[in-house]
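Here the structure comes first, spelled out in structure tokens, and everything after it is commentary.
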Amino acid sequence: QLLTTAYQATKNSSEATFNSAKNLADRLGATFYNWQIDEGVDYYQSTIESAIGRKLTWEQDDITLQNIQARSRAPIIWMLANLENKLLMATSNRSEGDVGYATMDGDTSGSISPIAGVDKHFILQWLKYAEHELGFTGLKGVNALTPTAELRPEDQNQTDEEDLMPYEVLM
């Protein structure tokens, strides 16, 4: 078995994203792991709050609270890759990297970066093509989602394009 996947959820992760990830892994015949990282995120957050003497808030510390979630995923996924003696694929793409939306030690973490030079607009179009023209029906759930990092609380309705700009502009 070549592919192992892991869904590393926080309280800000959606059921729709979990279901699309699980379905895609199942359709690919990949091993699928699923765990929560809130405990690690909470540890880092409480440690820095104690050090600076105040609570972090979404209003004042948005980027910090988003990035710690992304970065908290790296150590445990690296552990899994090391345990299984596998390469870890980074998930950042050119569009996000060009504007600083990729999180160092988060989605840039990996031993290979197959989409690092590919713009997000092309990736989204290719995924739809692969589903409809090549018959990769496991992509249906992925393609139905609006791209989002899912790092802010769900009631904030975070989307990547709203945080950035239209993907066509980022080409």
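Distance from the Cα centroid of the range 113-158 to that of the range 13-78 is 19 Å (rounded to whole angstrom). Modelled this way, with points 7 Å down the Cα-to-C-beta line, the labels at Lys140 and Glu168 are 2.8 nm from one another. Adding -39500 (n - 2.57) for every DSSP H run of four residues or longer, then dividing by how many residues the chain holds, sets the calculated 222 nm ellipticity at -15000 deg cm²/dmol.
Phi angles across the range 68-80 convert, under the Karplus curve 6.51 cos²θ - 1.76 cosθ + 1.60 with θ = phi - 60°, into 3J(HN,Hα) values of 5, 5, 4, 6, 5, 6, 4, x, 6, 6, 5, 4, 5 Hz, Gly and Pro given as x. Extending 7 Å from the Cα toward the beta-carbon at both Asp98 and Trp35 defines two label points whose distance is 3.6 nm. Applying the Karplus relation 6.51 cos²θ - 1.76 cosθ + 1.60 with θ = phi - 60° to the range 161-171 yields 3J(HN,Hα) values of 5, 5, 6, 9, 5, x, 4, 4, 6, 7, 5 Hz, where x marks Gly and Pro.
Rounded to the nearest 0.05, the FRET efficiency derived from the C-beta distance between Phe18 and Ala51 at R0 = 25 Å is 0.15.
Rounded to a whole number of µm²/s, how large is the Stokes-Einstein D of the range 43-108 at 4 °C and 1.567 mPa s, given Rh as the Kirkwood radius over C-alpha pairs?
Numbers: Rh = 13.5 Å.
Once the numbers are plugged in, D ends up at 96 µm²/s.
With the charge dipole of the chain set up from +1 on Lys and Arg Cβ and -1 on Asp and Glu Cβ about the Cα centre, the Cα lying farthest toward the positive end among the listed residues Phe18, Leu28, Val169 is that of Leu28. Inverting the pair-averaged 1/r between distinct Cα atoms of the range 7-81 gives 13.9 Å as its Kirkwood hydrodynamic radius. Comparing Leu56, Ser72, Gln45 along the charge dipole axis of the range 22-85, the residue lying farthest to the positive side is Ser72, per the Cβ-charge model. Close amide H contacts of Tyr33 (hydrogens built in the peptide plane, cut-off under 5 Å, sequence separation of 5 or more or a different chain): Thr5, Ala6, Tyr7. Using a probe of 1.4 angstrom and keeping all protein chains present, the accessible surface of the chain works out to 61 square angstrom per residue. Over the chain, the reciprocal of the mean inverse Cα-Cα separation, the Kirkwood hydrodynamic radius, stands at 17.2 Å. Return a whole-number percent for the relative contact order of the chain, with Cα pairs under 8 Å and 6 or more residues apart as the contact set. Relative CO of the chain lands at 24 percent. Ignoring lysines fewer than eight residues from Lys86 along the same chain, the ones with Cα atoms less than 25 angstrom from its Cα are Lys22. Computed 3J(HN,Hα) for the range 96-102, one whole-Hz value per residue from the Karplus formula 6.51 cos²θ - 1.76 cosθ + 1.60 where θ = phi - 60°, is 5, x, 4, 10, x, 8, 7, glycine and proline marked x. In this structure, Leu80 and Tyr44 have a Cβ-Cβ separation that, at R0 = 22 Å, corresponds to a calculated FRET efficiency of about 0.65. Once the C-beta distance of Glu161 and Lys11 is scaled by a Förster radius of 41 Å, the resulting FRET efficiency is 0.95 to the nearest 0.05. Of the solvent-accessible surface of the chain, computed with a 1.4 Å probe and all protein chains present, 55% belongs to carbon and sulfur.
The values are calculated or read from the model by the stated rules, or taken from the named source; none is laboratory data. The structure presented is a predicted model; accordingly, all values stated were derived computationally and were not measured. Neighbour counts are summed over all protein chains in view; Cβ atoms, including those assigned to glycine, are modelled from backbone coordinates with ideal geometry. The protein model used for the area step is the full one, side chains on, heavy atoms only, and it has no ligands, DNA or RNA in it. Shrake-Rupley method; radii C 1.70, N 1.55, O 1.52, S 1.80 Å.
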